[in-house]
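Read-outs throughout are calculated quantities, based only on the coordinates presented, and are distinct from any laboratory measurement. Bear in mind the structure is a predicted one, so any value in this text is a computation, not a measurement. Because the Cβ atoms are built from the backbone with ideal geometry, glycine has one as well, and the counts that use them run over all protein chains shown.
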Amino acid sequence: MHMTFLQLHTNNLPALQAFYAALGFHVTVYNEYIDIPIGTTLLRFQDDDTPLTGGYHFAINVAVSDVAIVREWLSTHTPIIQSNQGTTIFQFDEWHAHAVYCSDPDNNIVEFIVRDNIVTQPQSSFRVADSLCISEIGLACADVPATIAQFRNSFAIPDFFSHNDEFWPIGDDNGLFIMVQSPRLWYPDTSIPAALMPVTVKFHTAPNQHWQLDGYPYRITPSVD
């Protein structure tokens, strides 16, 4: 699965523009939104007058073999999120992945993840051009199993390793929907709750399908490009 487009909403557009530009991403500014190409995914932040609480979580696949060089690069631009035990590199054995995290000015949790199942080249440094795509988007749910059941009425997307009734990832290494129980706090050890905020996703899948569940501000559609 591959996300070609991800739209998130914000009450703080100028600050997000400055943050992602400072990281080195190319930011195109429009009257009511900004566009940020991240590898093969277009990330859009849409200005929104409705007060938003909580924060989004999304992950970026990176084309390096050692996540420590991503941490070194990221730490020169913004504070790294630490666990309560002081950990800054997080290992996911079942997922065969390692990740580092930061937060942007909107309290969105941004994850840079190295996946062992994606072929990379050894490198001594990281730059934003090494970003492959946005590979995860967290979706807060009032009832995770029920939401998964509704979702699968439209899309045949497999489970991604272990899951439970509060945390249920579906997809693959290139694209994952992370269904979480609201108001669960976003990993790792953040104080940011997973909230129901508007999300629009386009991704490569079977044509002529879409998903928009009553009561949720999410729209997920197949990509036609």
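With a Förster radius of 41 Å applied to the C-beta separation of residue 72 and residue 212, the computed FRET efficiency comes to 0.50. Of the complete DSSP H runs in the chain, those spanning 15 angstrom or more by Cα along the long axis with a mean Kyte-Doolittle score not below 0.5 are 13-23. Here the calculated FRET efficiency for residue 25 and residue 80, from their Cβ-Cβ distance with R0 = 25 Å, stands at 0.90, rounded to the nearest 0.05. Set against the 2.2 N^0.38 Å expectation for a compact globular protein, region 99-221 has a Cα radius of gyration ratio of 1.12. Full extension of the chain segment joining residue 87 with residue 161 gains 24.3 nm, where the gain is 0.36 nm per residue of separation less the Cα-Cα distance.
By DSSP, the beta bridges lying fully in the chain are antiparallel in about 60 percent of cases. For residue 186, the residues whose modelled amide H falls within less than 5 Å of its own, excluding neighbours fewer than 5 places apart on the same chain, are 192, 194.
The length gained on full extension between residue 223 and residue 94, counted as 0.36 nm times the residue separation minus their Cα-Cα distance, comes to 43.5 nm. Dividing the mean sequence gap of close Cα pairs (under 8 Å, 6+ apart) by how many residues the chain holds gives a relative contact order of 23 percent. The mean sequence separation of alpha-carbon pairs under 8 Å and at least six residues apart, normalised by the residue count of region 107-217, gives a relative contact order of 25 percent.
Taking the mean number of other Cβ atoms within 10 Å as a proxy for protection, how do you rank 97-106, 30-39 from highest to lowest? Walk me through the numbers before you get to the answer.
Working: 97-106: 20.6, 30-39: 15.2.
My ranking of the peptides, most packed first, is 97-106, 30-39.
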